[in-house]
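Please read the structure below before turning to the comments.
The values are calculated or read from the model by the stated rules, or taken from the named source; none is laboratory data. It should be emphasised that the depicted structure is a prediction, and the values quoted were computed from it without experimental measurement. Neighbour counts run over all protein chains shown; Cβ positions are idealised from the backbone, glycine included. Surface accessibility is based on the protein's heavy atoms, side chains included, excluding ligands, DNA and RNA. Shrake-Rupley method; radii C 1.70, N 1.55, O 1.52, S 1.80 Å.
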Amino acid sequence: MNNDSIVKLPKMEKPEYDKLISRQYLCRVAFRGNKYPYIAPLLYIFKEGHMFFLSTNYGKKISYFREYPYVLVEIEEYEKDFSDFSFMVLSGKLIEINDEKKDENIRKDFVDMIKKRRLSKNIMIALGHSPEDPLESLVDEKRSIVWKLIDVKEIKAFKKS
């Protein structure tokens with residue numbers, strides 16, 4: 001097989017991948033692990049041109065973040081039969097939001113997103129809470145951490161024709 005017969009996926013333009021980021025709310029973040037990369041699924045919101053993530057404040061991803069905050073973020077969207085699909089990978093750096101007011105506002109945005117998208121209360125388990133806890137406990141209790149993706153150096157985004 002020669003390279004002339006390989007069909008390449010078309011690249012997405014910025015307006016297309018901005019829409020993809022806005023439509024989705026779950027991504028995979030790859031951290032530099034010890035021997036192998038460590039991949040974690042994280043909830044995110046896209047606000048003011050930036051991605052913000054909400055994660056439990058325990059586990060391997062926290063130590064990997066502290067050791068090396070540079071990550072790859074993967075977002076995808078596809079039909080069950082793959083009749084249509086798109087995906088993107090962003091290379092950047094995570095920073096923890098330490099400003100109390102900004103942290104609170106982003107957490108409120110996550111609560112709003114969960115309500116708007118009518119996600120199951122079981123999502124609370126992935127954030128260190130019981131499904132019986134009110135969504136507002138994401139704001140009031142600090143069982144999670146808020147990260148922001150900055151210094152995005154590369155975006156690779158592709159789609160089915």
Could you order H129, H50 by accessible surface area, starting with the largest, using a probe radius of 1.4 Å? H50, H129
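Near V139, within a Cβ-to-Cβ distance under 15 Å, what is the net charge of the other residues, with Lys and Arg +1 and Asp and Glu -1? Present the calculation step by step, with values, prior to reporting the outcome.
Working: positive: K101, K102, R107, K108, K115, K142, R143; negative: D99, E100, D103, E104, D109, D112, D133, E136, D140, E141.
Within the 15 Å Cβ shell, the charges total -3.
Could you put I145, I123 in order of accessible surface area, largest first, with the 1.4 Å probe and the full protein assembly present?
Working: I145 10, I123 40 Å².
Reading off the accessible areas and sorting them downward yields I123, I145.
Could you provide, to the nearest whole Å², the per residue accessible area of the range 1-88 with probe 1.4 Å? Working shown, then result.
Working: 5910 Å² over 88 residues.
On a per-residue basis, the range 1-88 sits at 67 Å².
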Given q = 0.14, 0.16 Å⁻¹, what are the Debye log10 I(q)/I(0) values for the range 61-134, with equal point scatterers placed on the Cα positions and solvent ignored? -0.75, -0.95
Could you tell me the distance between the Cα centroids of the range 4-71 and the range 129-154, to the nearest Å? 15
Measure nothing fancy, just the Cα-based angle from helix 100-116's long axis to the longest principal axis of the chain, in degrees from 0 to 90, nearest 10. 70
Charge tally for neighbours of I125 with beta carbon under 15 Å away, counting Lys, Arg as +1 and Asp, Glu as -1, is -1
Hz values of 3J(HN,Hα) by residue in the range 22-30 - Karplus curve (6.51, -1.76, 1.60), Gly and Pro given as x: 5, 6, 8, 8, 10, 9, 10, 10, 9
For the pair D109 and N57, what calculated FRET efficiency results from E = 1/(1 + (r/R0)^6), where r is the Cβ-Cβ distance and R0 = 30 Å, to the nearest 0.05? 0.95
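Within the accessible area of the range 75-161, what % is carbon and sulfur when the probe is 1.4 Å and the other protein chains stay in place? Mind showing how you got there, number by number?
Details: 2470 of 5110 Å².
On the range 75-161, the fraction of accessible area on carbon and sulfur atoms equals 48 percent.
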